[in-house]
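These notes are about the structure you will find just below.
The values are calculated or read from the model by the stated rules, or taken from the named source; none is laboratory data. Remember, it's a predicted structure, so these values are computed and weren't measured experimentally. Note: ideal-geometry Cβ built from the backbone for every residue, glycine included; neighbour counts use all protein chains shown.
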Amino acid sequence: MNELELYKLFKVVLNFRKAIDKCDNSELSVSFKNFPKGNCSDAVLILAHYLKEKGYGEFDYVSGERWNVPHAWLVMDKVVIDISCDKFEDQENKVIVTANSKWHDEFITEVRQKTSLNMLEPEIKETLLNCYQKIIEGIV
């Protein structure tokens, strides 16, 4: 992915994050109550769904741990996408989209798999799709 494509992807991801921030957390699932803390997995899953719908393809779901704090993000080839990295005190960015993230290299990676809402239990999938609908309503 060249720099212009990365920049365009960054803008798409940033707009998605802004839409989450604009949502009334009481209208979303309980996992979004303290966003960005405590729900990076759910946020990553619905972001991956959004990016696939936008034509960006399928991403790998990556989860890991740093300082005994679990975290999840997306990866495609070498491109790292993180929508909730600001839950960590040493990260001032709300969103990371980059072809090389030394910060993510500090994590002990536990899981890497293709991501899809279809991998979830039906009721969890339905809950996240409801959140997804509310979030994308706020994207301009």
Being within 21 Å of Lys114 (Cβ to Cβ) and modelled with pLDDT under 90: is that true of Ser29 here? no
Considering only region 91-123, state which residues are outside any strand (DSSP E or B), in contact (Cβ under 8 Å) with a residue 12 or more places away in the chain and not aliphatic (A, V, I, L, M). Gln91, Lys94, Asn100, Ser101, Trp103, His104, Glu106, Phe107, Thr115, Ser116
Before we move on, is Leu74 in contact with a Leu (Cβ under 7 Å, 6 or more places away or on another chain) and either under 23 Å from Ser116 (Cα atoms) or not in a loop (DSSP other than H, G, I, E, B) (or both)? yes
Mind checking whether some residue in region 53-62 is within 15 Å of the chain's Cα centre (by Cα), buried (at least 21 other Cβ atoms within 10 Å of the Cβ) and in a helix (DSSP H, G or I)? no
Across region 68-99, which residue is nearest to Glu110 (Cα to Cα) among those that are among the charged types (D, E, K, R), touching a helix residue (DSSP H, G or I) at 6+ places or on another chain (Cβ under 8 Å) and surrounded by 16 or more Cβ atoms within 10 Å (Cβ to Cβ)? Asp82
Just checking, how many residues over region 13-40 are surrounded by 19 or more Cβ atoms within 10 Å (Cβ to Cβ) and in a helix (DSSP H, G or I)? 6
Mind checking which pairs have a first residue in region 1-29 that is closer than 13 Å to Ala43 by Cα and a second that is acidic (Asp, Glu) and modelled with pLDDT of 95 or more, Cβ under 7 Å, 6 or more apart or different chains? none
What about Glu65, is it part of a strand (DSSP E or B) and either acidic (Asp, Glu) or on the phi > 0 side of the Ramachandran plot (or both)? yes
Looking only at region 126-137, decide whether some residue is more than 16 Å from Lys18 (Cα to Cα) and in a loop (DSSP other than H, G, I, E, B). no
Looking at Glu65, is it closer than 17 Å to Arg17 by Cα and exposed (fewer than 15 other Cβ atoms within 10 Å of the Cβ)? no
Do we find a residue being within 13 Å of the chain's Cα centre (by Cα), closer than 19 Å to Phe10 by Cα and among the acidic types (Asp, Glu) anywhere in region 76-84? yes
